[in-house]
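Colleague: Sending over a structure as structure tokens; questions will come in a sec.
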Amino acid sequence: MRTPVVAANWKMHKTQTEARQFLADFLPRARDLAGVEIVICPPFTALAAVAEGLKGSQVGLGAQNMSDQPSGAFTGEVSGAMLVDAGCKYVILGHSERRRLFGESDQVVGAKVRAALEHNLTPILCIGETLEEQQAGQADAVNRRQLLAGLEGLTAEQVAGLIIAYEPVWAIGTGKNCDPGDAQARIAAVRAVVAETFGADAAARVRIQYGGSVKPANMASYMAQPDIDGALVGGASLDPASFAAICEAAR
Ligand code: PGA
């Protein structure tokens, strides 16, 4: 049995004060959520405040990006060792906003995944097709390409332990969430690529989230799908009550 994992991607939202206010409201609601792995990914500047606030709770801390380099003259970048030092256990990598707005290639994302694993951070590797690619019938092919580049050079054991997030770009922040049956079909295809490349055991163990306009009202319909193991949540994770309701639906 795969434990469902629900991750909050706060993107460029929340100061330290706002992050503390979120936790004060969210953590009491999350107390009874045994059986779901919960992760909060604040911006870098709020990592320390959230790490402090999460002490003694079961909720994990993640970052939204990291450098593929260990240290050096890389102005504006943050290394894996720095994330570990800040209390992170997870890191979102290859989010479509990083790929589209900041030019991250499939190969760069793969290098980041390898660097994260060197620091024992659990990557949340994001993949997903654009609207044009979906309309051209290329969704599975795009996912395969992004997935294989993202997992390049890994062992089956490493793949089994990471998290993949299937996020169709057209569903992110649009309110147009993917039909749950379609998400299941895409994610089953992703799992089949893992099986073909890394073996049946890795495919059975790797957790694959759906992401893109997940809300309390639609979360259960994703969880009802056999291959969907949780969600990566943007907008609806900013509100403590709505994120708690999504976590509850994952149970
Ligand atoms: P959304 O974002 O939930 O606001 O659609 C999801 C994401 O970008 O991870």
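The values are calculated or read from the model by the stated rules, or taken from the named source; none is laboratory data. Given the structure is predicted, the values throughout are model-derived calculations rather than measurements. Here the Cβ positions follow ideal geometry from the backbone for every residue, glycine too, while neighbour counts run over all protein chains shown. SASA here: full protein model, heavy atoms, side chains in, ligands and nucleic acids out. Shrake-Rupley method; radii C 1.70, N 1.55, O 1.52, S 1.80 Å.
Colleague: Where the only charges are on Cβ atoms (+1 Lys, Arg; -1 Asp, Glu), what is the dipole of the stretch 7-100 about its Cα centre, to the nearest 20 debye?
Modeller: 180
Colleague: So how much slack lies between Asp182 and Glu157, counting 0.36 nm per residue of separation and subtracting their Cα-Cα distance, in nm? Walk me through the numbers on the way to the answer.
Modeller: On the way: separation 25, 0.36 × 25 = 9.00 nm, distance 2.83 nm.
Taking 0.36 nm per residue and subtracting the Cα distance, the gain is 6.2 nm.
Colleague: Ok, one more. Under 12 Å from the Cβ of Thr122, count the other residues' Cβ atoms, weight Lys and Arg +1, Asp and Glu -1, and hand me the total.
Modeller: On the way: positive: Lys89, Arg207; negative: Glu37.
Net of charged neighbours comes to +1.
Colleague: Given the peptides 7-20, 211-224, 86-99, arrange them by the average over their residues of other C-beta atoms within 10 Å, most packed first.
Modeller: 86-99, 211-224, 7-20
Colleague: Considering only protein heavy atoms and a probe of 1.4 Å, how much of the accessible area of the stretch 128-251 is carbon and sulfur, as a whole percent?
Modeller: In the stretch 128-251, the share of accessible area belonging to carbon and sulfur is 53 percent.
Colleague: Under a Cβ-only charge scheme (Lys and Arg +1, Asp and Glu -1), can you give me the dipole magnitude of the chain about the Cα centre, in debye to the nearest 20?
Modeller: Computed about the Cα centre, the dipole is about 400 debye.
Colleague: Follow-up. Indicate the helices, whole DSSP H runs only, in the chain that combine a mean Kyte-Doolittle hydropathy of 1.0 or more with a Cα extent along their long axis of 30 angstrom or more.
Modeller: Helices passing the filter in the chain: none found.
Colleague: Another one. If Lys and Arg each add +1 and Asp and Glu each add -1, what is the summed charge of the other residues whose beta carbon sits under 13 Å from the beta carbon of Gln69?
Modeller: The answer is -1.
Colleague: Could you work out what % of the accessible surface of the stretch 45-100 is carbon and sulfur, using a 1.4 angstrom probe and leaving DNA, RNA and ligands out of the count?
Modeller: Its accessible area is 52 percent carbon and sulfur atoms.
Colleague: Can you find, among Ala171, Ile127, Val193, the residue sitting farthest towards the positive end of the charge dipole of the stretch 37-233, where Lys and Arg contribute +1 and Asp and Glu -1 at Cβ?
Modeller: Ala171
Colleague: So if R0 is 25 Å, what FRET efficiency would Ala241 and Met1 give, r being the distance between their Cβ atoms, rounded to the nearest 0.05?
Modeller: It comes out at approximately 0.30.
Colleague: Over 25 Å between C-alpha atoms is what I'm after, so list which of Lys55/Lys215; Lys112/Lys176; Lys14/Lys89 land there.
Modeller: On the way: Lys55/Lys215 27 Å; Lys112/Lys176 30 Å; Lys14/Lys89 20 Å.
Distance filter (> 25 Å) returns Lys55/Lys215; Lys112/Lys176.
Colleague: Check which residues have an amide H placed less than 5 Å from Leu93's amide H, if you skip close sequence neighbours.
Modeller: For Leu93, whose amide H was placed from the backbone, the distant partners under 5 Å are Ile124, Leu125, Cys126.
Colleague: At R0 = 30 Å, how high is the FRET efficiency between Lys55 and Ala141 if r is their beta carbon distance? Nearest 0.05 is fine.
Modeller: Step by step, r from the Cβ atoms, then E = 0.10.
Colleague: Find out how many positive minus negative residues lie around Arg98, taking Lys and Arg as positive, Asp and Glu as negative, among other residues whose Cβ is under 14 Å from that of Arg98.
Modeller: -2
Colleague: Quickly rank 225-231, 174-180 as a protection proxy: mean count of other C-beta atoms within 10 Å, highest first.
Modeller: 225-231, 174-180
Colleague: Just the accessible area per residue of the stretch 173-213, please: how many Å² with a 1.4 Å probe? Walk me through the intermediate numbers first.
Modeller: On the way: 1590 Å² over 41 residues.
Here the per-residue accessible area is 39 Å².
Colleague: Determine the per residue accessible area of the stretch 16-138 with all protein chains present and a 1.4 angstrom probe, expressed in square angstrom.
Modeller: Value returned for the stretch 16-138: 49 Å² of accessible area per residue.
Colleague: So, one more: Under a point spin-label approximation (7 Å from Cα along Cα-to-Cβ), what is the Asp25-Ser71 distance to one decimal in nm?
Modeller: Roughly 4.1 nm, to one decimal.
Colleague: Compute the normalised compactness of the stretch 37-233: alpha-carbon radius of gyration over 2.2 N^0.38 Å, N being the residue count.
Modeller: Relative to the rule-of-thumb radius for its length, the stretch 37-233 sits at 0.98.
Colleague: Between Asp229 and residues 5 or more places away or on another chain, which pairs have amide H atoms under 5 Å apart, with H built 1.01 Å from N, and which residues are they?
Modeller: Ile208, Gln209, Tyr210
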